[in-house]
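The values are calculated or read from the model by the stated rules, or taken from the named source; none is laboratory data. No experiment lies behind these values; they were computed from the predicted model shown. Cβ placement follows ideal geometry from the backbone for every residue including glycine, while neighbour counts extend to all protein chains displayed. For the accessible areas, the whole protein counts, side chains as well, though only heavy atoms, and no ligand, DNA or RNA atoms are used. Shrake-Rupley method; radii C 1.70, N 1.55, O 1.52, S 1.80 Å.
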Amino acid sequence: MFKVQGLKPLHGKIKVQGAKNAVLPMMAVSLLTEGRTEIRNVPRISDVFLMAEILRDLGCQVMFQDDVLEIDASGLSGTVISEKTVGKMRSSSLLLGPLLSRAGEVTTWYPGGCVIGKRPIDFHLDVLRAMGAEILDDGGMLIAKAKKLCGTTFRFPYPSVGATENALMAAALASGTTKLLNCAREPEIMELCSFLRSMGAKISGERTGTITVDGVEKLFPTDHVTAGDRICAGTYLAAAAAAGGEIEITGVDPVVLVEPLKALRKMGAGIRISGATGPKARIGMVMERRPAGVEIDTGPYPGFPTDLQSVFLAVEAAGSGESRFKETVYEARFEAAMRLAAFGADVSLHKDTAIIRGRYPLVPGIAETPDLRGGAALLVAALAADGLSVISDSGHLKRGYEDIGRDLRKLGADIEEDEL
Ligand code: EPZ
């Protein structure tokens with residue numbers, strides 16, 4: 001549970017953690033080789049701990065010291081991912097491609113939906129079937145088999161991040177060439193491609209959305225430093241936009257934050273990129289007035305990230321104008337927006353669009369986190385509320401933020417936490 005005393009402007013510097021959505025597929029891909037793979041700058045979040053547990057259950061050795069993960073899949077023996085595990089973490093579906101490729105079979109379950117949407121994995125299954133896998137659906141249990149995956153040409157109906165990742169991991173050791181069209185172009189896809197290339201894979205074209213993979217015989221362990229988490233960075237910038245103040249973020253490449261930074265500038269924030277380019281750059285932001293209204297459509301990269309929709313919407317709940325947020329990626333990602341009513345926010349929903357009329361200050365509220373990013377949005381709203389808010393969280397935030405309370409306190413927020 002978080003107790004937040006609002007109306008304290010934020011000040012200070014923070015280095016963001018490594019990217020959750022880059023680390024999880026890289027952990028999965030380590031199954032494709034024997035020997036010790038090292039992944040550095042890994043956040044200590046529950047999704048990583050859970051993926052490590054799954055890999056151990058499959059017979060891998062996994063060491064996680066500070067922010068360094070060592071994975072050795074030489075002893076891979078298991079091919080079954082239990083329904084309970086899949087129920088705990090959707091990203092376990094990222095093991096489909098690598099396990100099928102390495103072990104020739106996988107037994108797992110449909111991950112089921114979550115509060116933000118139904119989230120089917122039909123594209124994942126279709127591309128693996130196109131590569132020659134036989135996939136049986138036995139009442140929700142999936143039994144996939146393939147002696148040897150074969151190269152193919154496949155067009156994704158939608159640039160799905162997870163399906164693109166599964167296809168890449170399956171194609172790396174497949175026989176022949178795989179051509180993937182309408183792929184996701186998220187920074188995490190770019191990172192997975194360079195990670196796979198450092199293991200010896202032959203991959204090209206990822207920046208264009210059309211990826212070619214020439215299957216190779218063998219992949220080798222690698223050593224990789226994970227990029228900074230752009231969604232964490234966006235969350236902390238949004239927190240400072242809502243609370244006011246001046247902060248500096250390091251550890252993330254501003255190039256992967258173009259749309260969120262553009263939106264912050266439209267809100268009236270002063271943004272300064274200094275120091276080196278790339279991940280060593282410093283992103284400075286100053287917000288001296290109430291955020292002006294904005295119009296945002298979420299979309300696949302390089303569009304505005306859906307994972308920042310709820311936190312930016314929370315900023316505008318305490319803004320000075322009217323804003324419109326259109327959610328195009330998920331069909332049910334406004335639960336957090338509706339829970340902002342607990343802080344006196346004026347939010348109305350019209351199908352896939354939310355209209356927000358800013359009010360400041362918000363009133364202190366009592367709310368429960370609906371999901372990972374929705375939880376961060378409630379914290380952002382509480383920073384702009386005139387009094388003490390109480391936010392209960394059943395572990396959503398820890399799934400993606402190493403220690404959001406610590407980080408916001410570091411920026412001067414008055415946040416107390418207790419285990420209740
Ligand atoms: C990844 O999820 C991220 N998770 C999500 O972040 C993020 O919201 C999403 O990409 C979009 O950016 C990880 O990387 C672990 P998709 P993923 O496949 O791969 C539909 C967070 O907060 N779809 O690109 O599951 C799907 O239902 C999380 O960190 C199908 O219909 O996303 C959704 O509407 C939340 N069939 C859309 O595509 C499929 O087979 C985008 O999903 C696959 C997807």
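In deg cm²/dmol, rounded to 500, what helix-only [θ] at 222 nm does the chain give when every DSSP H run of at least 4 residues adds -39500 (n - 2.57) and the total is split over its residues? Kindly include the intermediate steps, with their values, before the conclusion.
Values: 14 runs with 130 residues, N = 420.
Calculated mean residue ellipticity at 222 nm is -9000 deg cm²/dmol.
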If every Lys and Arg gets +1 and every Asp and Glu gets -1 at its Cβ, then about the Cα centre the range 274-357 yields a dipole, in debye to the nearest 20, of 300 debye
Cross-link reach from K218 to lysines, straight Cα distance under 29 Å and at least 8 residues apart if same chain, gives K20, K145, K147, K148, K179, K202
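Over the range 1-133, what is the relative contact order in whole percent, taking alpha-carbon pairs under 8 Å and six or more residues apart? Can you show the working numbers first?
Numbers: 160 pairs, mean separation 26.8, N = 133.
Once divided by the residue count of the range 1-133, the mean separation gives 20 percent.
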The range 57-133: spread of alpha-carbon positions along the three principal axes, whole Å, largest first, is 35, 33, 20
Measure of exposure for D297: accessible area at 1.4 Å probe, Å² rounded to 10, is 80 Å²
Expressed as a percent, the accessible surface of the chain that is carbon or sulfur, using a 1.4 Å probe and the full set of protein chains, is 51 percent
Hull volume per residue for the chain, using the convex hull of the C-alpha atoms, in Å³ is 123 Å³
Contact order relative to length for the range 298-420, counting C-alpha pairs under 8 Å separated by 6 or more residues, stands in percent at 23 percent
The local net charge around L192, scoring Lys/Arg +1 and Asp/Glu -1 for residues other than L192 whose Cβ lies under 11 Å from its Cβ, equals -4
The answer for the range 43-109, accessible area per residue at 1.4 Å probe in Å², is 39 Å²
For K148, the accessible surface traced by a 1.4 Å probe with all protein chains present amounts, in square angstrom to the nearest 10, to 100 Å²
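Output the antiparallel fraction of DSSP beta bridges having both residues in the chain, as a percent to the nearest 5.
Details: 58 of 80 bridges.
Looking only at bridges with both residues in the chain, the antiparallel portion is about 70 percent.
Could you tell me the relative contact order of the chain? Use alpha-carbon pairs under 8 Å, at least six residues apart, and round to a whole percent.
Details: 1055 pairs, mean separation 84.9, N = 420.
Taking the mean separation of contacting Cα pairs over the length of the chain, I get 20 percent.
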If the chain between E83 and D223 were fully extended at 0.36 nm per residue, the gain over the current Cα-Cα distance would be 47.2 nm
Residues of the range 34-55 with backbone N under 12 Å of the label point set 7 Å from the Cα of D66 along Cα→Cβ are 40-42
With all protein chains in place and a 1.4 Å probe, E295 shows an accessible area in Å² (nearest 10) of 130 Å²
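With a 10 Å radius around each residue's Cβ, average the other Cβ atoms per peptide and rank 362-372, 88-98, highest first.
On the way: 362-372: 20.5, 88-98: 24.1.
The densest-packed peptide leads the list: 88-98, 362-372.
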Along the dipole axis of the chain (charges at Cβ: +1 for Lys and Arg, -1 for Asp and Glu; origin at the Cα centre), the most positive-end residue among P302, L149, P98 is P302
